[in-house]
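The values are calculated or read from the model by the stated rules, or taken from the named source; none is laboratory data. Since we're looking at a predicted model, the values are computed, not measured. When we count neighbours, we look across all protein chains shown, and the Cβ atoms used for this are built from the backbone with ideal geometry, even at glycine.
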Amino acid sequence: MIEQEALVQALKTVLDPELNVNVVDLGLVYSVKAGEDHADVEMTLTSPACPMGPEILRNAVAALEKVEGVAKANVKLVMSPPWTPERMSDDARDELGMF
């Protein structure tokens with residue numbers, strides 16, 4: 001069985017290239033579910049027009065498929081609810097100088 005925490009840790013390796021902060025701490029990941037041999041993730045972007053969106057999604061799939069037991073990662077882009085800076089972790093706020 002795939003451990004959900006392993007999936008979250010894998011997603012922490014995926015950076016938003018413009019902000020250089022991982023997608024988990026940015027609050028872009030809305031749900032993470034582990035199946036028998038797959039992972040299902042719903043995530044968003046800081047902006048619907050984010051030019052780095054396709055790269056971020058590809059990197060998320062690649063990171064998840066490196067987790068032991070994951071044969072297929074399904075990453076779904078959602079825009080509801082919209083992302084806001086309030087979703088960021090304290091670590092992300094510190095890294096970006098937002099207090």
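The number of residues in the stretch 23-49 that are assigned to a strand (DSSP E or B) and in contact (Cβ under 8 Å) with a residue 24 or more places away in the chain comes to 10. Residues that are outside any helix (DSSP H, G or I) and either crowded, with 20+ Cβ neighbours inside 10 Å or over 8 Å from the mean Cα position of the chain (by Cα) (or both) within the stretch 7-21 comprise 13, 14, 15, 16, 17, 18, 19, 20, 21, listed in sequence order. Under the condition of being touching a strand residue (DSSP E or B) at 6+ places or on another chain (Cβ under 9 Å), more than 18 Å from residue 71 (Cα to Cα) and not hydrophobic (A, V, I, L, M, F, W, C), the residues counted in the stretch 5-61 number 9. Of the listed requirements (1) touching a residue at least 60 places away in the same chain (Cβ under 8 Å); (2) in contact with a Leu (Cβ under 9 Å, 6 or more places away or on another chain); (3) surrounded by fewer than 18 Cβ atoms within 10 Å (Cβ to Cβ), residue 52 misses just one: (1). Which pairs have Cβ atoms under 6 Å, sit 6 or more apart or on different chains, and link a residue in the stretch 83-99 that is under 19 Å from residue 8 (Cα atoms) to one that is among the acidic types (Asp, Glu) and in a loop (DSSP other than H, G, I, E, B)? Pairs that qualify, where the first residue is under 19 Å from residue 8 (Cα atoms) and the partner is among the acidic types (Asp, Glu) and in a loop (DSSP other than H, G, I, E, B), are 89/25; 91/25; 92/25.
Flag not set for residue 45, criterion: farther than 20 Å from residue 95 by Cα, buried (at least 18 other Cβ atoms within 10 Å of the Cβ), out of contact with any His (no Cβ under 8 Å at 6 or more places or on another chain) and at pLDDT 95 or above.
Within the bounds of the stretch 57-78, is there any residue that is within 23 Å of residue 98 (Cβ to Cβ) and buried (at least 16 other Cβ atoms within 10 Å of the Cβ)?
no
Residue count for the stretch 56-85 under the criterion of being assigned to a helix (DSSP H, G or I), at pLDDT 95 or above and over 12 Å from the mean Cα position of the chain (by Cα): the result is 1.
What are the residues in the stretch 1-47 that are farther than 22 Å from residue 98 by Cα and not hydrophobic (A, V, I, L, M, F, W, C), if any?
Hits for the stretch 1-47 are 3, 4, 5, 9, 31, 33, 35, 36, 37, 38, 40, 42.
Screening the stretch 22-40 for residues that are more than 22 Å from residue 91 (Cα to Cα) and surrounded by 14 or more Cβ atoms within 10 Å (Cβ to Cβ) and picking the one that is modelled with the lowest pLDDT gives 35.
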